[in-house]
Amino acid sequence: MKKILAVLAAATALMAGPAPAQTYPTKQVTVIVPFAAGGPTDIVARIMADYFAKALGQQFVVENVAGAGGTTGTLRTAQSTPDGYTIMMGHMGTHGAAPALYPNLKYDPTKDFEPIGLAAGTPIIIVARKDFPAANLKEFIARAKNPDVRLSQAHAGVGSVSHSTCTMLSTQLGTKHRVVAYRGTGPALNDLVGGQVDYMCDQIVNLVEQIKAGAIKAYAIATPERSPALPDVPTTKEAGLPDYQVSAWNALFAPKGTPKEIVAKLNDTYKKALADAATRKRLLDLGSVLPDAGGQTPESLQKLVQTEVARWNPILKGQATQ
Ligand code: ASP
């Protein structure tokens, strides 16, 4: 039914006037961020929105629709009118991990969206409050495994990147800690800096500034190579946990049924954003890994979503209540 409605809405939009892509956008576009302001998804979305606004001559306004590990804002996007005036910044959680954790999820990341483009790969870093009593990853692991110590782990809700990737860490280490859920890792990071929680696993784009400032401790980045944005942070392999390899990503999606020409225009603008020196620099300075030309198509993003849903399912099934 939803599909039929989406198709009807798209058809109506098409009949209503001139070819939509020629004039699009004629008014403000909403970019839904399914997490709180100030976190990684919000940061990447605002960088892209700035470029889109300049390039297309209309405002691209970020709306933070947080809740349920990002699934609330993602569902809102899936159910909005597919006319190009509502798009979203999704990520590895909303479009990869969530189906494994929400048996009744009301959207299908592989079917209910028109992929626009992969905005940024975002490596995961294990971080702790600055006075956490462990000087390196090995000491952190020893403390995490100590049954007499009950650590608190911050995350952005079940199904979020911080939740899924730290669940993967806990499974590998055989640990179970007290979890504290936030509406995004923006507010979670504030509490980590304030020392109210012990540690979290988060996307690099949220962390570079605070790590450089010494406001939090970074134990390891879960990628094969160090990040040029944080050359002093060791890899998990260097730090003694080689099997913990995980990266997240952020990507732009429109609701299913958005006219093809509009999706193509959005993809074209997104590609120009990634080619724009100032936009690139903003993303790279935060540690983003930018896709090459082959990774900038809607088709490659669709494949990524399918691969991620399949990858996370066995890792997370049965973990929903952790
Ligand atoms: N990346 C999310 C945010 O923007 C949180 C998460 O998925 O962990 O806050």
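The values are calculated or read from the model by the stated rules, or taken from the named source; none is laboratory data. All figures in this text were calculated on a predicted structure; none of them were measured in a lab. Here Cβ is always computed from backbone atoms with ideal geometry, including for glycine, and neighbour counts include all displayed protein chains. Accessible surface is based on the protein model in full, side chains and every heavy atom, while ligands, DNA and RNA are left aside. Shrake-Rupley method; radii C 1.70, N 1.55, O 1.52, S 1.80 Å.
Could you list, in sequence order, all residues of segment 48-61 that are assigned to a helix (DSSP H, G or I), touching a residue at least 24 places away in the same chain (Cβ under 8 Å) and open to solvent by 10 Å² or more (accessible area, probe 1.4 Å)?
ASP50, TYR51, ALA55, LEU56
If you scan segment 288-304, which residues turn out to be in contact (Cβ under 8 Å) with a residue 40 or more places away in the chain and open to solvent by less than 80 Å² (accessible area, probe 1.4 Å)?
Hits for segment 288-304 are SER288, LEU290, PRO291, GLY295, GLN296, THR297, PRO298, SER300, LEU301, GLN302, LEU304.
Across segment 143-172, which residue is least open to solvent (accessible area, probe 1.4 Å) among those that are free of Cβ contacts under 8 Å to residues at least 60 places away in the same chain and more than 22 Å from VAL193 (Cα to Cα)?
Among them, the one singled out is ASN146.
From the list THR307, THR279, pick out the single residue that is assigned to a helix (DSSP H, G or I) and open to solvent by less than 20 Å² (accessible area, probe 1.4 Å).
After applying the criteria, what remains is THR279.
Filter segment 201-248 down to residues that are within 16 Å of the ligand (Cβ to nearest atom) and assigned to a loop (DSSP other than H, G, I, E, B) and give me whichever is surrounded by the fewest Cβ atoms within 10 Å (Cβ to Cβ).
So the residue we want is VAL246.
Return the residue satisfying two criteria in turn: it lies in segment 73-123 and is surrounded by fewer than 23 Cβ atoms within 10 Å (Cβ to Cβ) and among the β-branched types (Val, Ile, Thr), and of such residues it is farthest from the ligand (Cβ to nearest atom).
Looking at residues that are surrounded by fewer than 23 Cβ atoms within 10 Å (Cβ to Cβ) and among the β-branched types (Val, Ile, Thr), I get THR81.
Given the criteria within 21 Å of ARG143 (Cα to Cα), polar (S, T, N, Q) and open to solvent by less than 10 Å² (accessible area, probe 1.4 Å), does THR258 qualify?
When the stated conditions are applied, THR258 does not pass them.
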